[in-house]
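Computed from the coordinates by the stated procedures, all read-outs in this text should not be read as laboratory data. Computed from a predicted structure; not experimentally measured. Neighbour counts run over all protein chains shown; Cβ positions are idealised from the backbone, glycine included.
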């Protein structure tokens, strides 16, 4: 009887000099230098705390990506490519480049990890509950609302979900934008020493990345022209004190949207800060803004059946 390799950092054979996080069932997008103490710079990530024992690594695994410099972090991997008639690409901003009907082939995904002691690939177990998005590295789950779905692409080394529905981007032809996007990742390259400081620092970058100019200079919403602070308050997330900042952004094209940066200590390890970015398009077809609060309240530690609190713990 074989035993599945436990979660941990293992050498990535597809990218020499790199280790990739194996979550016990599949490779994730999280990478770091081989033998290093910090993951490769992804969005919002703070210095990595070395986990306990790291067993001998599984063979195999690939990685790839492209980087974009942000004030908080360099943009990490965007694992999706489509080649036949054209290219379909889910970007930082949740947009999709057409032709939409072109057949797609996913590339750059990590290869399956082996089963310990056999050299064989393990049989992947069901990817958990379809109603929750799992951020394995930070030990949390986020509820997936009705008419939303997990993204097949890993954006900025973040776990991501989007609305199922999309439409042609208001500022670009032949590009399609999702009405709602949420992504969770560990924070890095920031001097913020508290959830409040991080949320207030990250909101501008979130607004730029989700509604302004994308990584290749496209402006699917015609740039952000102004913003209004809708909410700025402390909240409790998974029993820990966090902080959120929410903006209503006005864009050059379309009806704009709502952007939120939610920061709180990770549920595992030494409590590195986590940022969850939200982008909900405004207008009748966009998700209700109250959905941001619903998702926040539903954030849980992995295995916790009670869930996070997500309620205000102080004056706005």
*Arranged by the count of other C-beta atoms within 10 angstrom, fewest first, what order do 277, 167 take?*
167, 277
*Packing-wise, with mean Cβ within 10 Å as the measure, how do 250-263, 175-188, 7-20 rank, highest first?*
175-188, 250-263, 7-20
*Potential lengthening between residue 218 and residue 23 on full extension [0.36 nm per residue; Cα-Cα distance subtracted]*: 66.7 nm
*asked:* At 0.36 nm per residue, and after removing the present C-alpha to C-alpha distance, how many nm does the segment from residue 229 to residue 304 gain when stretched out fully?
replied: 23.7 nm
*In nm, give the distance between the simple-model label positions of residue 131 and residue 149, each being 7 Å from the Cα along the Cα-to-Cβ direction.*
2.0 nm
*Would you mind computing, in nm to one decimal, how far apart the modelled labels at residue 290 and residue 248 are, each placed 7 Å from Cα along Cα→Cβ?*
1.7 nm
*Treat the count of other C-beta atoms within 10 Å as a stand-in for reagent exposure and order 212, 129 from fewest to most.*
129, 212
*Determine, from the Cβ-Cβ distance of residue 241 and residue 174 and an R0 of 45 Å, the FRET efficiency 1/(1 + (r/R0)^6), rounded to the nearest 0.05.*
0.50
